[in-house]
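Structure first, then comments.
Rule-based calculations on the coordinates, nothing more; no lab input. None of these values were measured; they are calculated from a predicted model. Cβ coordinates were reconstructed from backbone atoms using ideal geometry, including for glycine residues, and neighbour counts include every protein chain displayed.
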């Protein structure tokens, strides 16, 4: 069935370091890959997305890369700040819906 | 800004009770979704609706039903609540049909079934 695996489940970094979260998907027809950030007490919010005709996309300190051949995509956060601490979810399109990963809890220590 | 509101932040119910979770969006979005969020399992889709009166099963519809009588309102119903339905429930909406659009989430309802 359609599945998205996400690693790691928890990630701790020092402020200023980089953080990388990786996801793999099973459906070769998937062509849209969003990333959502969920802060404490709030619902998830879209932070960046990428479509299958693009290999990389950047928005200030965050970037997403996509390898369609290997069916994996990654979120990169550079120069991490304490306000980056949150749970991050990757997702991939399935049949008529998004399939979400299991989430990564990122902690950025000052 | 799009606003998605959920009727309760916290809810405690007893086993066997009928439970209604209400969600309202204020931006005339076509699509609405109900997810449940559990530690280690991520977000799992329960039901979604691409139009008024229309509903589609997601990945885990068992034990749930939905109602969408008006475009802005999408209700999740637990006909007979059970302890394994204790979870965080998230409602979301998106502008047009299909999964390729940004989903806007409400703050969630944490439901405890005793």
Provide, for q = 0.12, 0.19 Å⁻¹, the log10 of I(q)/I(0) from a solvent-free Debye sum over equal Cα point scatterers in chain B. -0.37, -0.93
Per-residue Cβ counts within 10 Å, from other chains only, averaged over A:93-104: what number is that? 5
Note: residue B:54 to residue B:10 extended length (0.36 nm per residue) minus current alpha-carbon separation gives 13.1 nm
How well do other chains shield peptide B:100-113, expressed as the mean number of their Cβ atoms within 10 Å of each residue Cβ? 3
Considering the Cα trace of segment A:1-65, what is its radius of gyration and what is Dmax, both in angstroms? 13.3, 39
Run the simple label-point estimate for residue B:18 and residue A:32 please: 7 Å along Cα→C-beta, distance reported in nm. 3.6 nm
Just to be sure I understand the model, the point goes 7 Å from the Cα along the line to the Cβ. What's the resulting residue B:95 to residue A:20 distance in nm? 3.4 nm
Taking the alpha-carbon centre of each part, the distance from segment A:16-64 to segment B:1-62 in Å is 23 Å
Quick shape check on the protein assembly as shown: root eigenvalues a ≥ b ≥ c of the Cα gyration tensor, a/c under 1.5 is rounded, otherwise prolate if a/b tops b/c, else oblate, and it reads prolate
A correct fewest-to-most ranking of A:7, A:76, B:29 by other Cβ atoms within 10 Å would be A:7, A:76, B:29
Hey, how many Å between the Cα centroid of segment A:86-110 and the Cα centroid of segment B:91-114? 14 Å
For A:84, A:59, B:59, ascending order of other Cβ atoms within 10 Å (fewest first) is A:59, B:59, A:84
Partner chain coverage, peptide A:34-47 - average Cβ within 10 angstrom: 4
In square nanometres, what is one fourth of the surface area of the convex hull spanned by the alpha carbons of chain A? 6.6 nm²
